[in-house]
Amino acid sequence: MDQPIRILLAKIGLDTHTIGITVLAKELRDRGFEVIFSGLKQTPEKVAHAALQEDVDVIGVSCLSGGHMTHLKVLAEKMREMGLDDRILIVGGVVPEEDVEPLKALGVDQVFTMGANMDDIAAYLRSAVSA
Amino acid sequence: MSRASEKLKAPNDSGETLWRTEYYEPAIADTGERKTRFQTQSLRWDIKPLYTQADLDAIGFDPDTDLGLPGTYPYTRETRPAGYRGDLWAMTQVSGFGCAEDSAKRWAYMVEQGLDSIIVEFDLPTTNGYDSDNPLCRGEVGRAGMALDTLQDMEDALDFPLEKLKNITSVCNAPQPVNLAMLIKALQRKGKKLEDIRLMMPNTILVEYTCVGRYIYPPKHGLRLACDVIEYCMQHHSNWMPLNIVGAQIYAARGNPVQEIAYSFAMARAYIDELLARGHDINRVAPMVSFITGIDMDFFEAIGKLRAYRKVWARLMKETYGATAEEALKLRLMSSPGTMSMALQQPLNNIARLGIEMLACALGGGAHTINTPLYDEAHALPSEDAITIGANIHHIVAQETGVADTIDPLAGSYYVEYMTKRMEDEVFAELEKIEAMGGALGALEAGYFQSELAEEQIAMNRDFHTGERKFVGVNYRVKKDEQREIEIFRHDEAAEARQIERLNKVKSRRDEAAVARVLEKVREAARGNTNMVEPMLEAVELYATHGELCDAMRDVFGEYDPNALTPTL
């Protein structure tokens, strides 16, 4: 097996629901991913900097407060500015269906909501990173 | 174990062993049991096919000392002598969004729907102690609750038929002294008699550090502010409930019933010990403490939990604190169904779930108020449809089923009594463990609560993915290509700009020098050890903002490092 996939899991803004991100971190680690957690209450700018510094393959943003459109717009811009737009960007949490396409238009690669299967997420990341 | 040895093991087993060998085992001999393991949902206790007197004997159950009668120690059968035959529970829902006038309009609608209690939720900028114009709050103003910056917002928010409510709960834990001051001043300005209002405040900061995250200051300062609020109410508004420890959040963070009760009570001990150290009497402190419990789909875990809650509380207050007043021994409880079971998929199924959970609340008893989340919970803030149906679920259970017509109707059920007693024993064992860590603050600082809950989160997630735990529409009987079948509430993106305009307007007409002086007064109080509510009352009247007041305390207390309490991943 080549280098493990590195993923930065991030909480942006004031939303502090952590169950999804806690479970995902553990499950991805058990599947051989290298997981870095941003900590709570981060700004999009800080997340983009951390992604650059840690040279991750994937950034995963968890949002359950409804602020996903606002945060992802800024994060995607920062990622472009910093030349990180080749990295996979995924979003998880409470995201209404009608926001999925607009998120993708901003540069989000995939959205996972409640009930998403961990094997599916891992499989998606493996194929997206190697593509 | 062989059948013969089982017979030998339990000579007084009410015939269960014999029943097993002669009836049960032949009945399943060909097809086997439906599941490889029968376990309760979150405690994962093995469930036997049958419970009898032998199970109660084995755990030392004695109806005289373990049950008592409704309104008598240890209150297992109900804290209030008349149960729900006197008064039904107050019917409530959580609500709050946008600016003050948006929320007031919504609350008026809720009162019209027959709700007689409201839980006011504030947005994340407010609960984290920022004004709406703070850059950190982009996109969050008025989203997850009502935006609150100044006394003007609180006054406008109370523009609805308040007098129709049995109680009102204001959820603003980290900045609770600011919030309390705004509530008191707004109510006075509206000409309300404060003694006619029953105000409840979660003020549950230790739960925030444990599993919710809306904290500002380091835990010992958080605890001090919470105790200032309790102390102020104890002295001035003794019919209010200034501490509602939200066990429901511990449960929502996947804590099992034993963890929920034990962590909640360990936290209660931290507040109580601080107030006793300030020289107050346990018989006056204990009645200030109440709890909010989370109710989920495992029916008997829920009922056992409700009964164990009040019994353990009574024993803890009597045996550990030597409380003697009845009001100190009686648990005050709000029940909150739907804590974890509101599925995103096929959301109308959630109506059935809420009905069942509400039934468990009514049967388990003990709650003065029952809160219903709504069937669209996983999608967005509630729509008006969801509010109406949520209110009707209360009335259907209360008025159509007859379950509220006799008190503690499940008492004496072998299984229910077994669950109740076993939970009680395990809660006491867990409480002892936490005491040995230095109580709730020690356990929190050691990361104990957080890592125990993280393990439960991972285990429960696996139970869903292996199908061990079934969730209709989510991992069982899943609908292919499901389209959303309900209308959902949409956040008004313009609320943020409107709120900032409101804030600027208030700021433009206040006396800046007076505000600066009062903010210094707040800092001074924070540096000392006088009650923080008093200077807040003065400050909010001068229109010092919520964020400014929280900042003044930040200057003295510092901020808690948000990563220090994150569960070890």
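Values in this text are rule-based calculations from the coordinates and carry no lab data. Just so we're clear, the structure is a prediction, and the values are computed from it rather than from any experiment. Here the Cβ positions follow ideal geometry from the backbone for every residue, glycine too, while neighbour counts run over all protein chains shown.
Whose amide H sits under 5 Å from the amide H of B:PHE122, counting only residues 5 or more places off or on another chain, with H placed in the peptide plane?
Residues meeting the amide H criterion: B:MET146, B:VAL171.
Given chain B, what percent of its DSSP beta bridges are antiparallel, to the nearest 5? Display every interim value, and only then the final one.
Numbers: 1 of 30 bridges.
About 5 percent, rounded to the nearest 5.
For the stretch A:6-114, how many pairs of lysine residues have a Cα-Cα distance under 15 Å, where the two are 8 or more positions apart or belong to different chains?
Numbers: A:LYS11/A:LYS41; A:LYS11/A:LYS46; A:LYS11/A:LYS73; A:LYS46/A:LYS73; A:LYS46/A:LYS78; A:LYS73/A:LYS104.
Lysine pairs meeting the criterion: 6.
Too long at a 23 Å Cα-Cα cut-off: which of B:LYS48/B:LYS470; B:LYS305/B:LYS433; B:LYS220/B:LYS305?
Working: B:LYS48/B:LYS470 20 Å; B:LYS305/B:LYS433 20 Å; B:LYS220/B:LYS305 30 Å.
From the list (B:LYS48/B:LYS470; B:LYS305/B:LYS433; B:LYS220/B:LYS305), the Cα-Cα distance tops 23 Å for B:LYS220/B:LYS305.
How long, wide and thick is the stretch B:429-546, going by the Cα atoms along their three principal axes, in whole angstroms, largest first?
That works out to 64, 50, 16 Å along the principal axes.
Compute the Rg to Rh ratio over the protein assembly as shown from the alpha carbon atoms, using the Kirkwood formula for Rh, and round to two decimal places. Each step should come with its number before you reach the end.
Numbers: Rg = 25.7 Å, Rh = 26.5 Å.
Using only Cα positions, Rg/Rh for the protein assembly as shown is 0.97.
How large is ³J(HN,Hα) for each residue in the stretch A:99-112, as worked out from phi by the Karplus curve 6.51 cos²θ - 1.76 cosθ + 1.60 (θ = phi - 60°), to whole Hz, x for Gly and Pro?
Here the 3J(HN,Hα) series is 8, 5, 5, x, 5, 5, 5, 6, x, 6, 7, 7, 10, 10 Hz.
Order these by the 10 Å Cβ neighbour count, fewest first: B:GLU33, B:GLU377. All intermediate terms of the calculation are to be shown ahead of the outcome.
Numbers: B:GLU33 11, B:GLU377 23.
Neighbour counts put them in this order, fewest first: B:GLU33, B:GLU377.
Taking B:LYS105 as the anchor, which aspartates and glutamates have their alpha carbon closer than 13 Å to its alpha carbon, excluding any fewer than eight residues away along the same chain?
B:LYS105 reaches B:ASP156, B:ASP159, B:GLU384.
Under the rule of -39500 (n - 2.57) per DSSP H run of 4 or more residues, summed and divided by the residues of chain B, what mean residue ellipticity at 222 nm is obtained, to the nearest 500 deg cm²/dmol?
Working: 25 runs with 270 residues, N = 569.
Counting only the DSSP helices, I get -14500 deg cm²/dmol.
In the stretch B:430-513, what trypsin sites (Lys or Arg not before Pro) fall in a loop by DSSP, with at most 16 other Cβ atoms inside 10 Å? Each step should come with its number before you reach the end.
Numbers: sites: B:LYS433, B:ARG462, B:ARG469, B:LYS470, B:ARG477, B:LYS479, B:LYS480, B:ARG484, B:ARG490, B:ARG498, B:ARG502, B:LYS505, B:LYS507, B:ARG509, B:ARG510; in loops: B:ARG469, B:LYS470, B:ARG477, B:LYS479, B:LYS480, B:ARG484, B:ARG490, B:ARG509, B:ARG510.
Loop-located and lightly packed - B:LYS470, B:ARG477, B:LYS479, B:LYS480, B:ARG484, B:ARG490, B:ARG509, B:ARG510.
What's the local net charge at B:GLY439, with K and R +1, D and E -1, over the other residues with C-beta under 9 Å away? Please report the intermediate quantities before stating the final value.
Working: positive: B:ARG269; negative: B:ASP273, B:GLU435.
Taking every other residue near B:GLY439 into account, the sum is -1.
Magnitude of the Cβ-charge dipole of the protein assembly as shown, K/R +1 and D/E -1, about the Cα centre, nearest 20 debye? Working shown, then result.
Numbers: 75 positive and 106 negative charges, 132 e Å.
My answer is approximately 640 debye.
Kindly write out, for the stretch B:335-346 in residue order, the coupling ³J(HN,Hα) from the Karplus curve 6.51 cos²θ - 1.76 cosθ + 1.60 (θ = phi - 60°), rounded to whole Hz, with x marking Gly and Pro.
9, 10, x, x, 4, 10, 9, 7, 6, 6, 6, 6
Could you pull out every residue, at least 5 positions away or on a different chain, whose amide H is within less than 5 Å of the one on A:GLY92? Hs are placed 1.01 Å off N in the peptide plane, and Pro or chain starts have none.
A:VAL61, A:SER62, A:CYS63, A:PHE112
At q = 0.12, 0.26 Å⁻¹, what log₁₀ I(q)/I(0) does the stretch B:406-494 have when each alpha carbon counts as one equal point scatterer in the Debye sum?
-0.82, -1.17
Place +1 on the Cβ of every Lys and Arg and -1 on the Cβ of every Asp and Glu in the stretch B:435-569, take the dipole about the Cα centre, and give the residue among B:LEU503, B:GLY447, B:GLN483 whose Cα lies farthest towards its positive end.
B:GLN483
Towards the positive end of the charge dipole of the protein assembly as shown, with charges on Cβ (+1 Lys, Arg; -1 Asp, Glu), say which of B:PRO63, B:SER383, B:CYS172 has the farthest Cα.
Sorting the options by dipole projection puts first B:PRO63.
Calculate the dipole size of the stretch B:191-314 relative to its Cα centre from +1 charges on Lys and Arg beta carbons and -1 charges on Asp and Glu beta carbons; express the result in debye to the nearest 20.
Details: 14 positive and 12 negative charges, 19 e Å.
It works out to roughly 80 debye.
Compute the signed sum of charges (Lys and Arg +1, Asp and Glu -1) over the other residues within less than 11 Å, Cβ to Cβ, of A:LEU72.
Residues close to A:LEU72 contribute a combined charge of +1.
Give the long-range amide H neighbours of B:ALA90: residues separated by 5 or more places, or on another chain, with amide H under 5 Å away, using H modelled in the peptide plane at 1.01 Å from N.
B:THR369, B:ILE370
Excluding A:GLN3 itself, what net charge comes from residues whose Cβ is under 10 Å from its Cβ, given Lys and Arg +1 and Asp and Glu -1? Could the numbers behind the result be given before it?
Numbers: positive: A:ARG6; negative: A:ASP2, A:GLU34, A:ASP57.
That works out to -2.
Can you compute the helix-only [θ] at 222 nm over chain A? Use -39500 (n - 2.57) per DSSP H run of at least 4 residues, normalise by all residues, nearest 500 deg cm²/dmol.
On the way: 5 runs with 57 residues, N = 131.
Per the formula, -13500 deg cm²/dmol.
Sequence gap at least 6, Cα distance under 8 Å: using those rules, report the relative contact order of the stretch A:6-114 to the nearest whole percent. Don't skip to the answer; put the middle values down first.
On the way: 180 pairs, mean separation 31.1, N = 109.
It comes to 29 percent, rounded to a whole number.
With 40 Å as the cut-off, how large is the P(r) tail for chain B, expressed as percent of Cα-Cα pairs?
Values: 41426 of 161596 pairs.
Result: 26 percent of Cα pairs exceed 40 Å.
Taking every DSSP beta bridge with both residues inside the protein assembly as shown, roughly what % is antiparallel (nearest 5)?
Working: 1 of 50 bridges.
Beta bridges within the protein assembly as shown, antiparallel portion: roughly 0 percent.
Residue-wise, which Karplus ³J(HN,Hα) couplings in Hz belong to the stretch B:428-443, taking 6.51 cos²θ - 1.76 cosθ + 1.60, θ = phi - 60°, and x for glycine or proline?
The phi angles translate into 4, 5, 5, 4, 5, 4, 5, 4, 5, 8, x, x, 4, 5, x, 5 Hz.
Suppose a student asked you for the relative contact order of chain B, using Cα pairs under 8 Å spaced at least 6 residues apart; what percent would you report?
Values: 1025 pairs, mean separation 106.0, N = 569.
Relative contact order here is 19 percent.
Over the Cα atoms of chain A, what radius of gyration and what Dmax do you get, in Å?
So, for chain A, Rg and Dmax equal 13.2, 38 Å respectively.
When a/c is below 1.5 the answer is rounded, else prolate if a/b is larger than b/c, else oblate, so apply that to the stretch B:341-385 with a ≥ b ≥ c taken from the square roots of the Cα gyration tensor eigenvalues. Numbers along the way, then the final one.
On the way: a/c = 2.99, a/b = 1.82, b/c = 1.64.
Prolate, since a/c reaches 1.5 and a/b exceeds b/c.
Any idea what the dipole of chain B comes to, in debye rounded to 20, about its Cα centre with Lys/Arg Cβ at +1 and Asp/Glu Cβ at -1?
Working: 62 positive and 86 negative charges, 43 e Å.
For this selection, approximately 200 debye.
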